[in-house]
Each structure stands twice: as structure tokens, then as C-alpha cells.
Amino acid sequence: MTMCHLSILEPENGRCGLRAALLLSALGVTTVALTASAPASAGTGRDLRVDAGAHGTTARWLVDGLRAAAPAPGVPLRGPGAPLTVYAHRGASSAAPENTLLADEVARRSGVEWIENDVQPSKDGVPYVLHDETVNRTTSGTGRIRDLTAAQLDALDAGSWFAPAFAGARVPSLAAQLDDLHARGGSLLLEIKGPHSRDEVARVVKDIRDHDMAGRVLVQSFDADALRLTRELAPDLPLALLRSELDADPVAVAGELGLSAYHPSDSALASRPEIVTALHAAGVAVNVWTVDAATRWKALDAAGVDGIITNHPAELAGWLSARP
Ligand code: G3P
Ligand code: CA
């Protein structure tokens, strides 16, 4: 038997939405609390059907059959008048070799909090930060990352291809990456690149937990199954779905996957910008990739997106601070 207490906190900023606190006590098992936005506009003067339940230490509730979006720790939902969030794509990848600690440091020194990196496993199952399926383009080596051991990856030079001054930069393991963020600051938009097995996702989650970084990571993927596995293994980690083309109903997909954010490409969003309002009404943030032109920054800012993923984080941060 589950005891449930639901109380309305406040209408959401002008959206006729619903924000509520839910306390669930699964008798003798656990007590969990959740504050969440309703998954759709609640409106006024009508009855809502609310169903609530607890699974372990996770609370879930549905309003009129749609799952409420839990506010994800560390996922910035842009408030009225607030600036959008800058995400440094593969670190400050226009200024330093992508997906290295040096690119992360350049982003950090530009005052940018959020760093995007890609993660994939080595042959021996260690998560490493690399974008491509092979190490050919961005390192001194050759071959598929999944065919190379951790020791082989550690021996590669990931900086010389970009410029001689970066010689000696390494392909970071996810553990090294998290260590660096933990020690030096910053939050991580972590892309699980390509299909991953349950064990591979479990190792990513373990690394995040071992470094006490769960509150500073947003997991994203093009692969919906990778997100489902992450949710199963770590329901407290916020999730974002990457899309090159929009789903017919992004709000429904967000509800089904339990997303905190939806990440369309710039061109996909341009085809239906009204999804921003719909996703916001469902409590889901919208962050757009990969946008490097100031004309598009301006348009997306005006469209109310929550964040922009860019190869030029310093320039976007500067543009944001200079705009009226
Ligand atoms: O963060 C969005 C972006 O990283 C997705 O594309 O290919 O650069 O990983 P890609
Ligand atoms: Ca990526």
C-alpha cells in the first residue's frame, strides 16, 4: 500500500501549468519526495486525474495519463529574462583539440559551466571520451576505439592533429574527465555515443557515482535504448534525447523516456519552432546543437530555447554578455 500526499505549490509562470510537491511513503520500504511540473498545461476550472507511485526511492506521478517531469538536478530550465545556457561542444573545440581536458579548460576559463563530451568504451570496457568510432581523425593512432585497450588508448597523442602546441594531450578516460571536472569545476553534458550494452551503461553510471558527480551530469544520446538503460540503472540522472529530425510528438516522447531536456539540431527545430512552447509546458528544457553563427544565436535566444551547444563557447558567452 502507498500513502500519497499531493499539494499544489504554484501556477507556473504564466503557462497555466501546475507545479506540485508529491510525498510518497511506500510503507515500510522508503519515503521519497518529488517536486515536479505537470506534463501538460493544467488549465483552470477542470478536474485532473493524478496517479502516483513509488519504485524504490523514485517517485513517479502522472497527470491525465502523462508522466510528470521531475526537475533534473543541474538541468537549467531558463526562467523569464534569464540568459540561455552555453554548452561547450566537445569542450571549446574551435580553440583546442576536441574532447580533451585542454578543450575543457579553455571552456572553463571562458566562464562556461557546461561542457559536452562523448563517451564510448575501450575493448576492455573502460569508458573513454572520444567522438568518432575510430581514433584515426583525432589521435596519432588508428583503429576502432572498441578494438583498442585502455593501455593502447592511454598511449595516443590526441593534440598534435589540431596544432603542434597541443602535442601530448591525451584521450581522457571518463574517470579522468570526471576527476578533472570535480577538482576544477564545471558540469558535464555527457553523450553516450552509439548503442551501449547494459554493462557498458552501468560502467558509465559507476564512474559518475564514484566521482560524486551525479548532481552535475546531464546524460544525452541519440540512442533511446541507451537512455532507457540509464534511467533503469540511475533514475536520479537527468536525461536528454538528441534528434537530427523532430519526433512527430516530442512531448509524448519526452514523457515516455522521462526526459528532462530535448536536444534537436538547429535545422530540425527551425522546421517547427513551436515545439519549444509545448516542451516547456511539459517541464522539458530545449537545448539546440550545434550552433556557431551569431545570427542563429539571436534567433534561438528570441525563440526562448534554454541552451545552445556550440563549438565557440567563449564567443557565445561574450555575445550573451554584450547583448542588451
Ligand atoms: O551535443 C550535440 C552534438 O554533440 C551531437 O552531435 O555528432 O557532435 O556528437 P555530435
Ligand atoms: Ca556529442
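Read-outs throughout are calculated quantities, based only on the coordinates presented, and are distinct from any laboratory measurement. Computed from a predicted structure; not experimentally measured. Neighbour counts run over all protein chains shown; Cβ positions are idealised from the backbone, glycine included.
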Among 155, 255, 277 - extreme Cα towards positive end, dipole of the range 85-322, charges at beta-carbon: 155
Those GluC sites (Glu not before Pro) in the range 243-324 that DSSP places in a loop and that have at most 12 other beta carbons within 10 Å: 245, 274
Ascending count of other beta-carbon atoms within 10 Å, so fewest first, for 93, 267: 267, 93
Segment residue 290-residue 137, length gained on full extension (0.36 nm per residue, minus Cα span): 53.1 nm
Eligible lysines near residue 206 by straight Cα distance, threshold 25 Å, same-chain separation 8 or greater: 123, 193
Global geometry of the range 85-322, whether rounded, prolate or oblate, following the gyration tensor of its Cα atoms and the 1.5 cut on a/c: oblate
Residue 148 long-range amide H proximity, modeled H, under 5 Å: 123
Residue exposure sequence - 253, 112, 288 - by fewest surrounding Cβ within 10 Å: 253, 112, 288
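Please list, by residue number, every one of the trypsin sites (Lys or Arg not before Pro) in the range 112-214 that is coil in DSSP and has at most 14 other beta-carbon atoms within 10 Å.
Passing sites in the range 112-214 are 137.
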Cα gyration tensor shape for the range 132-198, rounded if a/c is under 1.5, else prolate or oblate: oblate
